[in-house]
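The values are calculated or read from the model by the stated rules, or taken from the named source; none is laboratory data. What you see is a predicted model, and the numbers here were worked out from it, not measured in a lab. Methodologically, a virtual Cβ is constructed for each residue, glycine included, from the backbone with ideal geometry; neighbour enumeration extends over all protein chains shown.
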Amino acid sequence: MVKMKFKNKVIDSKDFDICRIECEVELSASFITSPISAGFPSPAGDYLEERIDLNKILFKNPLSTFVFRAKGNSMQEAYINTDDLIIVDTSIEPQNGDIAVCAIDDEYTLKRIAKSEGKLYLMPYNKNMKPIEVTTDNRFSIWGVLTYSIHKHNKRL
């Protein structure tokens, strides 16, 4: 059994619950090295099973990595939905096209960063929502860059 400790909330916002995670033990799982076909089925073959440590994969920079629980539907076309877990690293330098947690006028949001023709936009992944143009009138910062999202596929769990 894996014990995970969630430290105190770092940011309290209407869009996210953000906590720093401390893992007390290795978080390992079986890893099948043979790829699974997501297209046409392939003949069953030999596979090799090994152990991988998910801490090393998901938390490359543990002191600057945070886990959020997403809310809302602005990122649904990026397959990030309410209650999904998103992993954000504050040590990564944001680049054009990255999905990031951004602070705009004291509110936090998860959006894709888009620079175009000298302007900065926060782009939703929902065709029914409009981009947010960041102007000099806004208080703005990029808090951290999305590294992974964990989406639950089975609603019974």
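Side notes on the structure shown:
- Selection status of VAL101, among the aliphatic types (A, V, I, L, M) and modelled with pLDDT of 95 or more: no
- Any hit, the range 50-59, residues being loosely packed, with under 11 Cβ neighbours inside 10 Å, outside any loop (DSSP other than H, G, I, E, B) and among the charged types (D, E, K, R): yes
- Residues satisfying the stated conditions in the range 125-151, i.e. part of a loop (DSSP other than H, G, I, E, B) and either farther than 19 Å from LEU85 by Cα or touching a strand residue (DSSP E or B) at 6+ places or on another chain (Cβ under 6 Å) (or both): LYS127, ASN128, MET129, LYS130, PRO131, THR135, THR136, ASP137, ASN138, ARG139
- Exclusive hit being loosely packed, with under 15 Cβ neighbours inside 10 Å, of a type outside the set (Ser, Thr, Tyr), at pLDDT 95 or above and in a loop (DSSP other than H, G, I, E, B), set ASN154, ASN96: ASN96
- Candidates LEU63, LEU122, filtered to the one that is touching a strand residue (DSSP E or B) at 6+ places or on another chain (Cβ under 8 Å) and outside any loop (DSSP other than H, G, I, E, B): LEU122
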